[in-house]
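K.L.:
This is the structure I want to talk about, given as structure tokens.
Each reported figure results from applying straightforward, stated rules to the coordinates on display, with no laboratory input. Quick caveat, the model's predicted, so the values are computed rather than measured. Note: ideal-geometry Cβ built from the backbone for every residue, glycine included; neighbour counts use all protein chains shown.
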Amino acid sequence: MAERVLLVSADEAVAFAAGTLIGRGVELLRERDGSTGLAAALRLRPDVVVWDGDAVVVDQPLVARLHASGAAVLAIAPVGDPTAGTLALRDGAEQFVAKPVDPEYLAAAVARAADASRWRRVAERSGEPHQPRTLAQVEREQIERALRHHGGNRTRAARELGISRATLINKIRVYALDL
């Protein structure tokens, strides 16, 4: 399924960079100012809103309203304002991109923001907030699962996990697994 991205920017250079997303399976919508951009976000429920800081300040109340639409927020930081992106992150934006906007970097940032939007929507449907797990938690669970599946046989579990038996034994020790 294609991501739906709403660009809120009057800057033609930003629009050109965002236009390269279309060839990547992204449905790109555009508004030129903040008030119509916010209304469009609430009406269209995009996956990602790319909000140009030159259009209007990206602050906490704005990010909260954009998140209410289910969208992840990617802020575009104005030229010469090194703190704008940091402030947008502090206020809840998932990503920020500094001007001048590199199309490849923008595409990667939109993909990451779209993932955040998907997780937020899954959490809303389940009624529970999304709690990301650390890599260590995932690794421990996989090791436990493989060991249980093979009845505690470390050689077979290591083969399934694609690691050496010695590495598996070390990880069992690190995670204090008692199987």
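K.L.:
Work out the length of the dipole vector of the range 23-179 about its Cα centre, built from +1 on the beta-carbon of each Lys and Arg and -1 on the beta-carbon of each Asp and Glu, and round it to the nearest 20 debye.
P.N.:
It comes to approximately 980 debye.
K.L.:
Moving on to the next point. When only Cα pairs under 8 Å and 6 or more residues apart are kept, what is the percent relative contact order across the chain?
P.N.:
Values: 266 pairs, mean separation 28.4, N = 179.
About 16 percent, as a whole number.
K.L.:
Can you compute the helix-only [θ] at 222 nm over the chain? Use -39500 (n - 2.57) per DSSP H run of at least 4 residues, normalise by all residues, nearest 500 deg cm²/dmol.
P.N.:
After summing the helix terms and dividing by the residues of the chain, the value is -16000 deg cm²/dmol.
K.L.:
So, one more: What does the highest-first list of 42-49, 120-127 look like by mean Cβ count within 10 Å?
P.N.:
The most tightly packed comes first, giving 42-49, 120-127.
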